[in-house]
Amino acid sequence: MALGDLRGAATAFVGLTSLWSLGALGAAWAHRDQPSAAWGWLALGAALRVAMLFSPASLSDDVYRYLWEGEVIAAGLNPFLYAPSDPALTPLRDAVWAQVNHKDVSTIYPPGALWLFRGVVALTASPVGWKILSGACDLGVAAILWRLCAARGIAAWAPVAYALHPLPIIETAGSGHLEGPAVLGMMLSFTFAQRPGLAALFAWAGASVKLLPGLVILALARTPSRGLALGVLVGLLAIVALGLPFVDAGSALGRGFGRYYEAWAFNGLAFSFLEALTGDGQRARWLGVALGGLYCGNILRQGPSPDRLMLHVAGALLVLSPVVHPWYVLWALAPAMLRGVWPWLVFASLCPLSYLALAEYDVRGWQEVWWIPWIEHPALWLSLLVWWARSTPPSPG
């Protein structure tokens, strides 16, 4: 099922994923009232992920950045100090370097991700190696959903939908995004929520790859314990140890992320409203952070479970962020399936529309298709409203 180079066939790809999404949703609908599903569906999900390994990572260049930064670390250099375009790295330039995006931007990744890059490069400099890691981790997420949904009485539609849906398959086994290992860390922290020390370790493990899972600890902290304190301390010390080789970058540690935060905007509808309201992109970003912080703070005040907190955090991030790449949706999709919140499947099915920006990329460069966010985001908001109305019990009288 190798799909070939999709960048030059973006329109056909969007059509394919639309049909694929309908197939996954149809399988989920067939299991809407069933308490469990045959493991054969998970096996099919595994087969689809294996098949995607043989397709080139043509929808995103991120995997080449991962491999390049692994090569930089292998050479004893600090990717926080040296952007790929830095003349000091000229002797390292190879076929991987030629594929790296935004060569003037230094790394934006936490230390756990950097050491994963280094570990994969020690085995292979091929994108397939990283895609195997990301796809295997995502299959682990699907297996965890299978187990936890059955234990919680969530109907089988949820794990079936995740196992078969094109978005997680394409973004992990197909493009090799970091969400594979990072979301797995978050899901493992949910799995061991009754053992808070172990849950904290998994949350830190996820946060060392991408920062978001670290917020799980805020939900765990509502029931303090010695085990939790030990897990938090050990995890924090591990992250410090992973980061020590890079601290010589000093103030440059946040340089790459600062460039990303200040300059990038893509596929975010609510952000465009905030930008119009404030008249300035930076003020709009900070207003979005403030609104998201207030919303998530209110959720945290209610004493949520880790998965409920992370669903709301990821949801707020996706609604308010200036950048909503399709792979970011995995942060909400996994906990949403665990809680039976189907509207995120609607959003996951529509987000591949944003890849239409690649349809004329070679001719016109990167140009966002303006109407796509106006389909994706209102569909999510309307679906959430319907789900909320159907989930809220009627008032007495």
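Where a number appears in this text, it was derived from the coordinates with a stated rule and is not lab data. As the structure is a computational prediction, the values presented were derived from the model and not from experiment. Cβ: placed from backbone, ideal geometry, glycine included. Neighbour counts: every protein chain shown.
Computed quantities for the displayed model
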{"quantity": "Residue match in region 320-328 (condition: β-branched (Val, Ile, Thr) and assigned to a helix (DSSP H, G or I))", "calculated": "no"}
{"quantity": "Residue within region 272-286 that is of a type in the set (S, T, N, Q), surrounded by 13 or more Cβ atoms within 10 Å (Cβ to Cβ), assigned to a helix (DSSP H, G or I) and touching a residue at least 40 places away in the same chain (Cβ under 8 Å) present", "calculated": "yes"}
{"quantity": "Region 299-326 residues that are touching a residue at least 24 places away in the same chain (Cβ under 8 Å) and β-branched (Val, Ile, Thr), paired with ones that are part of a loop (DSSP other than H, G, I, E, B) and surrounded by fewer than 22 Cβ atoms within 10 Å (Cβ to Cβ) (beta carbon under 8 Å, 6 or more apart)", "calculated": "Val323/Trp264; Val323/Ala265"}
{"quantity": "Filter pass, Asp104 being surrounded by fewer than 22 Cβ atoms within 10 Å (Cβ to Cβ) and among the acidic types (Asp, Glu)", "calculated": "yes"}
{"quantity": "Filtered residues of region 60-80 (kept if within 30 Å of Thr11 (Cα to Cα), touching a helix residue (DSSP H, G or I) at 6+ places or on another chain (Cβ under 8 Å) and not in a loop (DSSP other than H, G, I, E, B))", "calculated": "Val63, Tyr64, Tyr66, Leu67, Trp68"}
{"quantity": "Unique match (being assigned to a helix (DSSP H, G or I) and not hydroxyl-bearing (Ser, Thr, Tyr)) among Ala57, Ala43, Ala37, Ala83", "calculated": "Ala43"}
{"quantity": "Sole residue being free of Cβ contacts under 8 Å to residues at least 24 places away in the same chain and more than 28 Å from Arg147 (Cα to Cα), chosen from Ala43, Ala98, Ala10", "calculated": "Ala98"}
{"quantity": "Pairs with Cβ under 9 Å, 6+ apart, first in region 146-172 and touching a residue at least 12 places away in the same chain (Cβ under 8 Å), second basic (Lys, Arg) and not in a loop (DSSP other than H, G, I, E, B)", "calculated": "Pro159/Arg147; Pro168/Arg49; Ile169/Arg49; Thr172/Arg49; Thr172/Lys131"}
{"quantity": "Test: Ser208 is in contact with a Phe, Trp or Tyr (Cβ under 9 Å, 6 or more places away or on another chain), under 29 Å from Ile73 (Cα atoms) and of a type in the set (S, T, N, Q)", "calculated": "yes"}
{"quantity": "Candidate set from region 123-167 (those that are out of contact with any helix residue (DSSP H, G or I) (no Cβ under 7 Å at 6 or more places or on another chain), β-branched (Val, Ile, Thr) and in a helix (DSSP H, G or I)); member that is surrounded by the most Cβ atoms within 10 Å (Cβ to Cβ)", "calculated": "Ile132"}
{"quantity": "Candidates His177, His102 - the one that is under 18 Å from Glu71 (Cβ atoms) and either outside any helix (DSSP H, G or I) or among the polar types (S, T, N, Q) (or both)", "calculated": "His102"}
